[in-house]
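The values are calculated or read from the model by the stated rules, or taken from the named source; none is laboratory data. Remember, it's a predicted structure, so these values are computed and weren't measured experimentally. Neighbour counts run over all protein chains shown; Cβ positions are idealised from the backbone, glycine included.
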């Protein structure tokens, strides 16, 4: 980011990483996010801020930063939208079929090391939760708050997804079935990018480079568009 000309601030919530204090959940970090924005604004003359966030931090950003006028851009990477229903459905759609294609699965099966009882119990549980969850769920409170934040945000959103990440699949599953999310991913201010082979944290170097390139290129375009609008 610095090499591309973007000032950046990386920070941890209280009780996480390098930050002191009592740990809290992603639903309780609005004050932490606001403090980071206040510090960045106070130490610089930036007129607009982009928030880059992974997993439940992306969910927190949607719930908190989307109503802060200083935030003009959101980069959301594999957002967290988990419920029992989405987890079960995602496993049914993406986990079991992929396991059948893995060499390790067949090796364990042929050696008699595969636990049929546990696997069948897990499959039955996932089917039951998927069916009952889809019939009864209207979205947990944090998921609904995410949707409200997404809809209310007037800036630009870059949604980045990993092709081999169940969290990303869960997010798409929820967004495609929950009424509160109808049409949100198709809004004109939303751009989407997906790496088909990457895992949740883009752990390989080539995946990290791809993630960095996507972020920098999108930010450059977003800033250029904002300047053109201001000068029009």
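Values for this structure:
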{"quantity": "Selection within the range 51-61 - touching a helix residue (DSSP H, G or I) at 6+ places or on another chain (Cβ under 6 Å), crowded, with 21+ Cβ neighbours inside 10 Å and within 15 Å of residue 28 (Cβ to Cβ)", "calculated": "59, 60"}
{"quantity": "The range 149-176, residues that are free of Cβ contacts under 8 Å to residues at least 40 places away in the same chain and assigned to a helix (DSSP H, G or I)", "calculated": "151, 172, 176"}
{"quantity": "Selection within the range 177-219 - closer than 15 Å to residue 153 by Cα, in a helix (DSSP H, G or I) and touching a strand residue (DSSP E or B) at 6+ places or on another chain (Cβ under 8 Å)", "calculated": "184, 185"}
{"quantity": "Any hit, the range 26-42, residues being in contact (Cβ under 8 Å) with a residue 12 or more places away in the chain, assigned to a loop (DSSP other than H, G, I, E, B) and more than 18 Å from residue 72 (Cα to Cα)", "calculated": "yes"}
{"quantity": "Selection count, the range 139-161, where residues are more than 20 Å from residue 73 (Cα to Cα) and in contact with a strand residue (DSSP E or B) (Cβ under 9 Å, 6 or more places away or on another chain)", "calculated": "0"}
{"quantity": "Evaluation of residue 161 against (1) modelled with pLDDT under 95; (2) touching a helix residue (DSSP H, G or I) at 6+ places or on another chain (Cβ under 6 Å) (one fails), failing number", "calculated": "(1)"}
{"quantity": "Filter result for the condition that a residue is under 19 Å from the mean Cα position of the chain (by Cα) and either surrounded by 13 or more Cβ atoms within 10 Å (Cβ to Cβ) or at pLDDT below 90 (or both), over 66, 44", "calculated": "66"}
{"quantity": "Among (1) touching a helix residue (DSSP H, G or I) at 6+ places or on another chain (Cβ under 6 Å); (2) surrounded by 17 or more Cβ atoms within 10 Å (Cβ to Cβ); (3) under 20 Å from residue 50 (Cβ atoms), the one test that residue 152 misses", "calculated": "(2)"}
